Amino acid sequence: MSSNPSQGALTDFHTNKCPVCGRMCGDDKQICHPTDFVTTERKLAMRQCLFPELRPEFSDSVPLSPVVGSDSLPFNVQYLTLAPLMQAFSNELDEYEKSTSYEFPDQPWIQRIYRNHHIPDGKLTRCLHAALQEIEKRIEAREQDSDVIDVLAHLVYLDQFGLLPGYDRLRTNKSIRRICSDHFGSEISDATIENSELLVRRRVDRAKVYSTTSAFRRKWDLEIHLDGFDHRPVVGDHRDHNLVTRAAKEKLSLLPTVHWACAPHSFYLGENSGSSAAVIDSSKVPTFEFDFAGFKNMPQGQKLEYLGIVADWDESNYEIYYQLKQLQETDALGIIVHCNRHSIYEFLHFLKTNELIAKPEVLPDTLDQYQAIPNVQALHDTIIREVPFLDGIVIYPRRKFLDETFLQIDQLMRGQNNA
C-alpha cells in the first residue's frame with residue numbers, strides 16, 4: 001500500500017458483501033451464506049437424494065420425477081427426517097444439521113414408509129398404503145386402538161411436511177379425509193373432526209385443508225423444537241402454509257432464469273467472521289429463515305434473486321415486518337404472500353399506526369378505506385409503490401398468488417423498481 005496519505009487504500013473502494021444475497025458483512029460479522037452450507041442446501045434441494053445408490057451422478061438439471069413430496073424440492077425439515085436414506089451426503093448432512101435451528105425427533109417409521117415405497121427399478125410408487133400401514137403399527141405399538149382421527153391426523157402431519165410420496169393435494173380430487181374414510185370403510189363426519197383437538201381446518205385458495213395441532217404433536221411425540229436463537233425461524237408446521245410454499249417452489253423451478261429454489265431458506269448472522277468452517281454454535285448464531293428462495297446462476301456462483309414469506313394465519317404483523325427488514329438488507333426481490341386481502345390491509349395499517357415507515361400519509365387512515373381499492377394491482381399502483389419501505393416488494397393474497405405466474409410477479413416488481 002502506498003505511503004502517500006492522499007492515495008486511498010484498495011480497501012477504501014471495496015465493500016464486504018455476501019456473494020449470495022448481497023448483504024453487508026463487516027469484519028465483525030460472519031458471512032450470511034457460508035459456501036459449504038449453500039452447496040449442501042443446493043444439493044439437497046436439487047438432487048434425488050433418496051436411495052442414492054440407485055441414482056445417477058449429480059446433475060444441474062431439475063429432477064424429472066418427484067422424490068420427496070410432490071414438487072421434487074424438499075423442505076429443509078425433511079432433510080434430517082430422512083437422513084438415513086441420504087447416505088451419499090452423510091458427512092455434509094451432519095455438518096448441515098449442526099447449523100440448523102431444529103431439534104428433530106427420531107422418526108424411523110417415516111423412513112420405513114419410503115423404504116416400503118421402494119421398488120426394484122429405483123422409483124417410488126404412488127399409493128399411500130405403506131403410510132397407512134406404518135401409522136397403524138405406530139399407534140398399535142403404544143397399545144392403543146387405531147382410532148380413525150389419530151390415523152387421519154398422522155396422514156395430515158405427513159402431508160403438511162410433504163412426506164407422502166406421490167400425493168399432491170393441489171392436483172388430486174381425492175382428499176386425505178376421503179382416503180382415510182375408504183381405508184376404514186366408513187365416512188368421517190364433520191362433527192368427528194370438529195370435536196377432535198388433533199386437527200384444525202384452514203383455508204388455502206378455494207379449498208379448505210386440515211392441519212395438525214400442537215396437541216396432536218405433543219400426544220404423538222412429533223414436535224420439532226426450535227432452540228437457542230434470537231428470533232424464531234419460520235417453520236411452516238401447518239398444511240395450508242406449506243401447500244402455498246410448495247406451489248411457490250414449483251413455480252420458481254420452472255423459470256428459466258432461476259437456477260434452483262428451496263424452502264425454507266436460511267442465512268446466518270454470526271459474530272465470527274471468516275471461513276464457514278468456523279464453529280457454528282446454535283446458542284449464539286442468530287438465523288433468519290424465509291419460506292422460499294430463488295437463485296440465478298452467476299459466474300461467481302449462486303445469487304439470490306427472490307426471497308419469499310408465506311404469512312400464516314396466526315403470524316404477528318411484527319414478525320412479518322421484522323422479516324421484511326432483513327429482506328431489505330439483501331439484493332433479492334421480495335414476495336409476501338398473505339392469507340387474504342384483509343390480512344394485507346391489516347399489515348399495512350399496522351405499519352402506519354405504529355409509525356414504522358416513512359410517508360405514512362400515503363396509506364389510508366382507517367381499515368375501511370382499503371375496501372375502495374378494486375384489486376391488488378391497484379393497491380400496488382396507488383399505495384405500495386409510494387412507500388419506500390416496500391420498494392422492491394410485491395404483496396399478494398394466497399388466491400391471487402396461486403393463480404398468477406412468477407413472470408407476472410417479476411414484471412410487477414421490476415416495474416416497481418423502475419417507476
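Nothing in this text is a laboratory measurement; each read-out follows from the coordinates by a stated rule. Note that the structure is a prediction, hence the values are computed from the model and not measured. Here the Cβ positions follow ideal geometry from the backbone for every residue, glycine too, while neighbour counts run over all protein chains shown.
Key figures for this structure:
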{"read-out": "Shape of segment 286-366, Cα gyration tensor, a/c cut at 1.5", "value": "prolate"}
{"read-out": "Label zone at Asn375 (point 7 Å along Cα-to-Cβ), backbone N below 16 Å, segment 319-341", "value": "341"}
{"read-out": "Three-way shape label, segment 356-415, alpha-carbon gyration tensor, a/c 1.5", "value": "oblate"}
{"read-out": "Segment 294-367: GluC sites (Glu not before Pro) falling in loop per DSSP and having at most 14 other Cβ within 10 Å", "value": "Glu355"}
{"read-out": "Phi to ³J(HN,Hα) by Karplus 6.51 cos²θ - 1.76 cosθ + 1.60 over segment 153-158, Hz, x for Gly, Pro", "value": "5, 4, 4, 4, 4, 4"}
{"read-out": "Extension gain (nm, one decimal) between Glu355 and Ser186, 0.36 nm per residue minus Cα-Cα", "value": "55.3 nm"}
{"read-out": "Relative contact order (percent, whole number), segment 337-392, Cα cutoff 8 Å, 6+ residue spacing", "value": "33"}
{"read-out": "Net length gained if the chain between Asp221 and Tyr322 were fully extended (0.36 nm per residue, minus Cα distance)", "value": "33.3 nm"}
{"read-out": "Stretch gain in nm, segment Ser175-Lys296, where the contour uses 0.36 nm per residue and the Cα spacing is subtracted", "value": "40.0 nm"}
{"read-out": "Cross-link pairs Lys98/Lys359; Lys174/Lys325; Lys43/Lys325; Lys296/Lys325; Lys137/Lys249 - those with Cα-Cα distance over 31 Å", "value": "Lys98/Lys359; Lys174/Lys325; Lys137/Lys249"}
